Ligand SMILES: [Zn+2]
């Protein structure tokens, strides 16, 4: 993703005044029911919400890194594509590829969106998505010689894919009531030069243009940079504009299950894979560690966006699990479709 340069909007969200449940210190288990006076948050249909496994989540990130950066037209990209397909074929009802060519600065890249469906009989569907490619050049790296190297993409890419693989696995084992799940792993999200917005999100643009899903999902949730051990997820501005009711539900559940990572503020806007979906009529929420974009974090360790330091040592299984827990709490609630 890249930064949207026109404005930043920092507002206190009204939702913080609507919270009824007890806050979670970070140790709460997703196997417990929310202690909330708001019955719309109670998972009444499922005896327990399945619990994401932090260690497995880190393994899922590590597995994607084993071949190196997943830059299109490289062997690592192809190996990871084959691995992702195999992972999903073991747990989804339908898996297929959406190949496309991306023309970027005079070069042609063979790219592939990876699509999976669970519970195809369900007409009311939710889209879970992330990008699986890695950025070809670490152009934000403080070391000049590193700027032509690819980004390892542990957080920028692999973290969101890991959360989706874990979610799909848990949903397969314990299907939520009356919710169909569609998954898209987008390719070619991260190939644009800074501020060249049209060269980002090429996979999601292709997907939105040739929409291969019918019926279309009611709304989407995008996971991008969701694995840092000190992650902070304010509400991304475009997400709030497009799907305020979903954002508010997710962040209320985030207060209960999000391990302190979900911040009750509307943050800045980013150009990311949710925008083509929103424009195509699928309101989509981006869960993203916003202050990483542009390397504006007060923590020096966290200034690794689009650098060679986007590596596994920044990743926390607990953060990944807390993101998965929040989404599961919505999917297993008695009103998983706030819009
Ligand atoms: Zn990126």
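Derivation of every value follows stated rules applied to the coordinates shown; laboratory data play no part. Only a predicted model underlies this, so the values are computations on that prediction, with no experimental measurement involved. Glycine gets a Cβ as well: all are built from the backbone with ideal geometry, and neighbour counts include every protein chain shown.
Values computed for the structure shown
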read-out	value
Listed peptides 205-216, 237-248, 155-166 by packing density, highest first (mean Cβ within 10 Å)	155-166, 237-248, 205-216
Residue 280-residue 97 pseudo-label distance in nm [points 7 Å out on the Cα-to-Cβ vector]	1.9 nm
Potential lengthening between residue 110 and residue 66 on full extension [0.36 nm per residue; Cα-Cα distance subtracted]	13.8 nm
Residue 83/residue 311 FRET efficiency (R0 22 Å; Cβ-Cβ; nearest 0.05)	0.70
Efficiency of FRET between residue 149 and residue 55 - r from beta-carbon atoms, R0 22 angstrom, step 0.05	0.15
Gain upon complete extension [residue 173, residue 73; 0.36 nm per residue less C-alpha separation]	32.5 nm
Efficiency of FRET between residue 300 and residue 335 - r from beta-carbon atoms, R0 41 angstrom, step 0.05	0.45
Difference of contour (0.36 nm per residue) and Cα-Cα distance, residue 209 to residue 121	29.2 nm
Packing-based ranking, highest mean first, of 115-124, 330-339 given that Cβ atoms within 10 Å are counted	330-339, 115-124
Percentage relative contact order, the chain, counting C-alpha pairs under 8 Å, at least six apart	28 percent
